[in-house]
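The values are calculated or read from the model by the stated rules, or taken from the named source; none is laboratory data. As the structure is a prediction and not an experimental result, all values here were calculated from the model. Here Cβ is always computed from backbone atoms with ideal geometry, including for glycine, and neighbour counts include all displayed protein chains. Just the protein is used for accessible areas: all its heavy atoms, side chains included, with ligands, DNA and RNA removed. Shrake-Rupley method; radii C 1.70, N 1.55, O 1.52, S 1.80 Å.
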Amino acid sequence: MKDKFIRVISPVALPVVLLMDAAVVYYLVIAVQHIRVDKGTFATLFLAVQAFMLIVAALTTREVLRHGVRITQDYVEFTALDSDNKVKFDEIEKIVIQKDTKASFTKNFISRYSSIIFYLKDDTVLTVELGITTLRKLTRIETEINNRIE
């Protein structure tokens, strides 16, 4: 089977990050225009801060876009986790997905996180929290993993 990467991004996160990137670029243009008119200390400092913010914005966008689930022939890897992020398919007995979709005004964001629960063959249970995702993306991940463990 072909290796796949399924990006796991909150439905709100990508537009917010792109909006922030646009704001950084906008202020960078203003800083460049300002330094053309006035080559003073304030204009130079403003340009330096905006150049630094452009680097931070690019790194933040890259990090947001790198979070996901990498599915290879031998294992599934969760790129948003620092350690214990790989699970081999021959160790998995079954998986269960979990997402709370019921309406409630008392639940917070953590209660809405999507989870994948791995039941391993050595009778251990591994739960991976993916954050806020869509149910469609979660079922797509489940389908890909189930196709490879069978």
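Observations on the model:
- Among residues of the range 18-39 that are open to solvent by 100 Å² or more (accessible area, probe 1.4 Å), those with a Cβ under 8 angstrom from a residue that is part of a helix (DSSP H, G or I), sequence gap 6+ or separate chain, pair up as Met20/Ala57; Met20/Thr60; Tyr27/Gln50; Tyr27/Met53; Val37/Ala43.
- Single match in Ile55, Ile110 (criterion: loosely packed, with under 12 Cβ neighbours inside 10 Å and at pLDDT 90 or above): Ile55
To keep it simple, each residue is scored yes or no on (1) small (Gly, Ala, Ser); (2) without any contact (Cβ under 8 Å) to a residue 24 or more places away in the chain; (3) closer than 17 Å to Thr127 by Cβ.
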{"residue": "Thr41", "(1), (2), (3)": "no, yes, no"}
{"residue": "Val49", "(1), (2), (3)": "no, yes, no"}
{"residue": "Thr61", "(1), (2), (3)": "no, no, no"}
{"residue": "Val69", "(1), (2), (3)": "no, no, yes"}
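- Residues located in the range 1-36, provided they are modelled with pLDDT of 90 or more and of a type in the set (Lys, Arg): Arg36
- Every residue from the range 15-39 that is more than 35 Å from the chain's Cα centre (by Cα) and of a type outside the set (D, E, K, R): His34, Ile35, Val37
- Which numbered condition Ala48 misses (of (1) part of a helix (DSSP H, G or I); (2) surrounded by 13 or more Cβ atoms within 10 Å (Cβ to Cβ)): (2)
- The residue pairs whose first member lies in the range 130-148 and is closer than 10 Å to Ser10 by Cβ and at pLDDT below 85, whose second member is basic (Lys, Arg) and not in a loop (DSSP other than H, G, I, E, B), and whose beta carbons are closer than 6 Å, counting only pairs six or more residues apart or on different chains, are Ile132/Arg112.
- Residue in the range 83-90 that is closer than 30 Å to Lys121 by Cβ, in a loop (DSSP other than H, G, I, E, B) and touching a strand residue (DSSP E or B) at 6+ places or on another chain (Cβ under 6 Å) present: yes
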